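In what follows, a structure is listed as structure tokens, so that the remarks can point back to it.
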Amino acid sequence: MRAQPTHPTVEPPLLEVEHLSTAFRLGQTDALAVNHVSFEIRTGETLALVGESGSGKSVTAFSIMRLVQPPGRIVGGRILFRGRDLLALPEREMRTIRGAGISLIFQEPMSALNPVFTVGSQIAETLQVHGRVRSRRDARQRAIELLAAVSVPQPERRVDEYPHQLSGGLRQRVLIAVAIACRPALLIADEPTTALDATIQAQILELLRELKATFNLALLLITHDLGVVAETADRVAVMYAGRIVEEASVREIFRHPKHPYTQGLLASIPGGHPGSRLRAIDGGVPSLGTIPQGCAFAPRCPYRFEPCPTEVPPPYVVGVEHRARCYLQDPAYAPALSGPGRPGRHSKS
Ligand SMILES: Nc1ncnc2c1ncn2[C@@H]1O[C@H](COP(=O)(O)OP(=O)(O)OP(=O)(O)O)[C@@H](O)[C@H]1O
Ligand SMILES: [Mg+2]
């Protein structure tokens with residue numbers, strides 16, 4: 001008998017977000033802060049979610065955790081974690097997923113820790129809630145180990161300290177210890193370094209990379225900073241006015257950005273190099289309720305043409321695992337665009 005050809009086993013994605021839509025009530029209408037957002041994250045992979053302030057990154061993160069507070073609510077889509085739709089789970093089961101399946105860390109380490117409890121008791125609480133420890137002693141010991149795992153110096157002493165006794169960088173490490181205490185498969189880090197100075201930022205990112213390798217963590221890294229993206233992520237999703245406008249590998253995004261918004265973000269890096277907070281393109285992200293019809297970026301786009309202000313562009317496949325929602329990528333418009341005085345889709349930008 002002939003040997004069967006061996007195929008690499010294709011593992012289903014850890015997280016599949018499909019057409020997620022989250023709305024806030026504005027007057028009589030629902031305004032979509034997250035608008036048919038779809039992406040996947042595989043085990044051990046880092047996806048960066050990038051975009052200017054107000055583009056919908058945090059609402060996406062909160063939606064995945066099912067922590068959107070009224071007047072916000074998820075109005076459509078599916079969020080499959082290990083194949084189970086989180087939006088269909090009873091709240092009790094969702095509480096198990098939070099922490100033990102998916103954890104979220106925020107940009108504000110000050111406010112996320114409770115000032116009246118010691119660091120150790122906050123880590124212990126998470127472990128107890130998820131039934132991971134047998135006794136208080138056990139919990140304390142695990143807390144010390146976790147502090148050591150996130151490179152908090154003198155963990156035996158720090159475990160009994162209160163948040164105000166720690167620097168911003170150490171507080172962020174403690175939050176990461178809480179987040180990984182129950183060994184989640186996915187960590188969502190919403191601007192984990194914005195509140196910190198540059199040296200500490202670099203250390204926290206280094207820690208995230210280490211944890212990713214040690215625990216095979218998948219990471220959804222929300223950031224403004226393309227320098228962070230270049231160093232930490234495998235793939236990038238660029239978000240604008242509630243939609244993913246471009247998605248590709250880090251290498252593709254930096255070498256062949258297709259969407260004018262992505263190109264603008266990259267051009268706004270001083271000296272053309274990644275490393276600073278984005279200040280993209282003139283103008284700003286439209287606020288909820290004022291998001292234009294058609295391509296929401298059209299009013300700011302130097303390349304806009306006939307279809308842009310009226311029709312929402314579909315996600316065009318522009319390369320291997322590379323999609324961009326931009327009519328410049330539509331072959332049907334290519335002849336019209338290459339006329340004199342028009343920014344052709346083949347022009348270098
Ligand atoms: N509780 C709320 N009520 C009404 N609108 C909200 C609420 N929370 C967020 N929004 C709106 O939803 C949109 C997306 O907000 P979101 O916080 O997700 O942006 P972001 O990309 O995380 O921005 P930043 O980079 O500043 O954190 C914004 O227009 C914001 O004003
Ligand atoms: Mg945010």
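Out of curiosity, is residue 202 under 20 Å from residue 41 (Cβ atoms), out of contact with any helix residue (DSSP H, G or I) (no Cβ under 6 Å at 6 or more places or on another chain) and free of Cβ contacts under 8 Å to residues at least 60 places away in the same chain? Criteria not met by residue 202.
Screening the candidates 157, 183, 173, 142 for the property of being out of contact with any strand residue (DSSP E or B) (no Cβ under 7 Å at 6 or more places or on another chain), basic (Lys, Arg) and within 30 Å of residue 53 (Cβ to Cβ) yields one hit, 173.
Tallying residues that are within 14 Å of ligand 1 (Cβ to nearest atom), assigned to a strand (DSSP E or B) and not acidic (Asp, Glu) within the stretch 186-241 yields 10. Among the candidates 44, 77, 51, 120, the residue that is within 16 Å of ligand 2 (Cβ to nearest atom) and either in contact with a helix residue (DSSP H, G or I) (Cβ under 8 Å, 6 or more places away or on another chain) or among the hydroxyl-bearing types (Ser, Thr, Tyr) (or both) is uniquely 51. Selection of the stretch 217-228 for residues being in contact with a strand residue (DSSP E or B) (Cβ under 6 Å, 6 or more places away or on another chain) and more than 16 Å from residue 60 (Cβ to Cβ) yields only 217. Scanning the stretch 220-271 for residues that are among the hydroxyl-bearing types (Ser, Thr, Tyr) and more than 14 Å from the chain's Cα centre (by Cα) yields 249, 261, 262, 268. If you check residue 59 against the conditions, is it β-branched (Val, Ile, Thr), away from ligand 2 (no atom under 13 Å from the Cβ) and either in contact with a Cys (Cβ under 9 Å, 6 or more places away or on another chain) or touching a residue at least 24 places away in the same chain (Cβ under 8 Å) (or both)? Answer is no for this residue. Checked against (1) within 30 Å of residue 153 (Cβ to Cβ); (2) under 16 Å from the mean Cα position of the chain (by Cα); (3) at pLDDT below 95, residue 216 passes all but a single condition, namely (2). Any residue at all in the stretch 248-264 that's in a loop (DSSP other than H, G, I, E, B) and within 16 Å of ligand 1 (Cβ to nearest atom)? No, because not a single residue in the stretch 248-264 is in a loop (DSSP other than H, G, I, E, B) and within 16 Å of ligand 1 (Cβ to nearest atom).
A single entry from 10, 50 fulfils the requirement of being modelled with pLDDT of 95 or more and either closer than 24 Å to residue 236 by Cα or under 14 Å from the mean Cα position of the chain (by Cα) (or both): 50.
A single member of 37, 17 is surrounded by 23 or more Cβ atoms within 10 Å (Cβ to Cβ), away from ligand 2 (no atom under 16 Å from the Cβ) and in a strand (DSSP E or B), and it is 17. Which ones in the stretch 111-142 are of a type in the set (A, V, I, L, M), surrounded by 14 or more Cβ atoms within 10 Å (Cβ to Cβ) and under 20 Å from residue 168 (Cβ atoms)? Of everything in the stretch 111-142, those that are of a type in the set (A, V, I, L, M), surrounded by 14 or more Cβ atoms within 10 Å (Cβ to Cβ) and under 20 Å from residue 168 (Cβ atoms) turn out to be 112, 113, 119, 123. For first residues located in the stretch 244-257 and farther than 22 Å from residue 61 by Cα, partners that are polar (S, T, N, Q) and surrounded by fewer than 24 Cβ atoms within 10 Å (Cβ to Cβ) and lie 6+ apart or on another chain with Cβ distances below 7 Å form the pairs 257/263.
In summary, residue 141 fulfils each of the numbered conditions (1) within 28 Å of residue 194 (Cβ to Cβ); (2) more than 16 Å from ligand 1 (Cβ to nearest atom); (3) not hydroxyl-bearing (Ser, Thr, Tyr) with the single exception of condition (1).
Is there a residue in the stretch 59-80 that is buried (at least 21 other Cβ atoms within 10 Å of the Cβ), of a type in the set (A, V, I, L, M, F, W, C) and more than 15 Å from ligand 1 (Cβ to nearest atom)? Scanning the stretch 59-80, I find at least one residue that is buried (at least 21 other Cβ atoms within 10 Å of the Cβ), of a type in the set (A, V, I, L, M, F, W, C) and more than 15 Å from ligand 1 (Cβ to nearest atom), so the answer is yes. For first residues located in the stretch 96-108 and free of Cβ contacts under 8 Å to residues at least 40 places away in the same chain and assigned to a helix (DSSP H, G or I), partners that are buried (at least 20 other Cβ atoms within 10 Å of the Cβ) and of a type in the set (Phe, Trp, Tyr) and lie 6+ apart or on another chain with Cβ distances below 8 Å form the pairs 97/81.
Given the residues 221, 207, 211, 217, which is the only one that is closer than 28 Å to residue 142 by Cα and within 16 Å of ligand 2 (Cβ to nearest atom)?
On the way: 207 fails: within 16 Å of ligand 2 (Cβ to nearest atom); 211 fails: within 16 Å of ligand 2 (Cβ to nearest atom); 217 fails: within 16 Å of ligand 2 (Cβ to nearest atom).
Of 221, 207, 211, 217, the one residue that is closer than 28 Å to residue 142 by Cα and within 16 Å of ligand 2 (Cβ to nearest atom) is 221.
The values are calculated or read from the model by the stated rules, or taken from the named source; none is laboratory data. The structure presented is a predicted model; accordingly, all values stated were derived computationally and were not measured. Cβ coordinates were reconstructed from backbone atoms using ideal geometry, including for glycine residues, and neighbour counts include every protein chain displayed.
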